Amino acid sequence: MLDLHYWPTPNGHKVTLLLEELAEAGAAQPYRIVPVDIGRGAQFEPAFLAISPNNKMPALVDHAPADGGGPLAIFESGAILQYLAEKTGHFLPTDLRGRCETLQWLFWQAAGLGPMTGQHGHFSVYAPEPIPYAQDRYRKESGRLLRVLDEHLRGREFIAGDYGIADMACHPWIDPYDRAPLDLEPYAEVRRWHAAIAARPAAKRAYALSRVVNPAAGQPLSDEEKKILFGQR
């Protein structure tokens, strides 16, 4: 049994996408969701910090790791994807070149697409006052990264050959802010790829968990929630 410490954010969706795909592939990893209400500060509770010292979710606890030892805690969504793919032998190629391509795009998302798109969302949606320079900076950088992905996807169905953890990492970070939409019109390959993943049964189940875990998902944050989320406590 896995405990997935989760809240419905793009980083949380990465892991549920993989867990639901593993079930489709006949390599199910039974898991239970442990909600981490980041708007109420659950990420700062000592029990959570013991498994995720950076006070970020998602985090995973595997109660049956392959080494036969005690429970294994893992934080950082990219590390969780790699761990589960290696444990199950699914969604991460074993050949040298396929593995390298998958991991470099996994790290590209963690180092670029996620942070830059996240800053676009922060300064366009959550900042207490508009800062035009920051809004313009992160909107343009998000667009640049979309162009990089779009060019890479030409002639490819998925990012690194077959559908894999690089796709699952990137998919939730494509235009995730309804109140600060990015212009996806120039990126036909990204739109084609994104729609194909969204139509997968496992993806539909993964994203449906948002409303189960947090019925208010997508609603504007209160001032108190912003203080908690953005380190102003």
(request) Compare THR94, THR117, THR16 in a GNM of the chain, Cα atoms joined below 10 Å, and give the one with the largest fluctuation. (result) THR94
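Count charges around VAL125 for me, please; just the other residues with Cβ under 11 Å from its Cβ, Lys/Arg as +1, Asp/Glu as -1.
On the way: positive: ARG179, LYS226; negative: ASP178.
Once all neighbours under 11 Å are counted, the net charge is +1.
Can you give the local net charge around ILE74? Use residues other than it whose beta-carbon is closer than 15 angstrom to its beta-carbon, Lys and Arg +1, Asp and Glu -1.
Numbers: positive: LYS14, LYS56, LYS87; negative: ASP3, ASP62, ASP67, GLU76, GLU86.
Local charge sum for ILE74: -2.
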(message) Can you tally the net charge around LEU18? Count Lys and Arg as +1, Asp and Glu as -1, for every other residue whose Cβ sits under 13 Å from the Cβ of LEU18.
(response) -1
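For the stretch 96-199, what does the alpha-carbon gyration tensor say about shape, rounded, prolate or oblate, given a ≥ b ≥ c as the root eigenvalues, a/c under 1.5 as rounded, and a/b over b/c as prolate? Walk me through the numbers on the way to the answer.
Values: a/c = 2.31, a/b = 1.85, b/c = 1.25.
Prolate, since a/c reaches 1.5 and a/b exceeds b/c.
Could you work out [θ]222 nm for the chain from helices alone, using -39500 (n - 2.57) per DSSP H run of at least four and dividing by all its residues? Round to the nearest 500 deg cm²/dmol.
Values: 10 runs with 111 residues, N = 233.
It lands at -14500 deg cm²/dmol.
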(request) For LYS56, list the lysines whose Cα falls under 19 Å from its own Cα; do not include residues on the same chain fewer than 8 positions away. (result) LYS14, LYS226, LYS227
(request) Give the share of C-alpha pairs in each 5 angstrom bin for the stretch 84-126, from 0 to the last occupied bin, in whole percents, shortest bins first. (result) 6, 21, 17, 17, 13, 10, 10, 6, 1
(request) Could you work out which residue, out of GLU189, GLU21, GLU157, moves most in a Gaussian network model of the chain, that is, has the largest mean-square fluctuation with Cα springs under 10 Å? (result) GLU157
(request) Please say if the chain is rounded, prolate or oblate, where rounded means a/c under 1.5 for a ≥ b ≥ c the square roots of the C-alpha gyration tensor eigenvalues, and otherwise the choice is prolate for a/b larger than b/c and oblate otherwise? (result) oblate
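Sorted by average packing, counted as other Cβ atoms within 10 angstrom per residue and highest first, what order do 134-144, 50-60 take? Provide the component values of the computation, followed by the final result.
Numbers: 134-144: 16.5, 50-60: 19.1.
Most protected by this proxy first, the peptides run 50-60, 134-144.
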(request) Mind running the shape call on the stretch 161-233? Use the C-alpha gyration tensor, a ≥ b ≥ c as the square roots of the eigenvalues: rounded below 1.5 for a/c, prolate if a/b tops b/c, oblate otherwise. (result) prolate
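We did not get these values from a lab; they are worked out from the coordinates using the rules stated. As the structure is a computational prediction, the values presented were derived from the model and not from experiment. Virtual Cβ from ideal backbone geometry, glycine too; neighbours counted across all protein chains shown.
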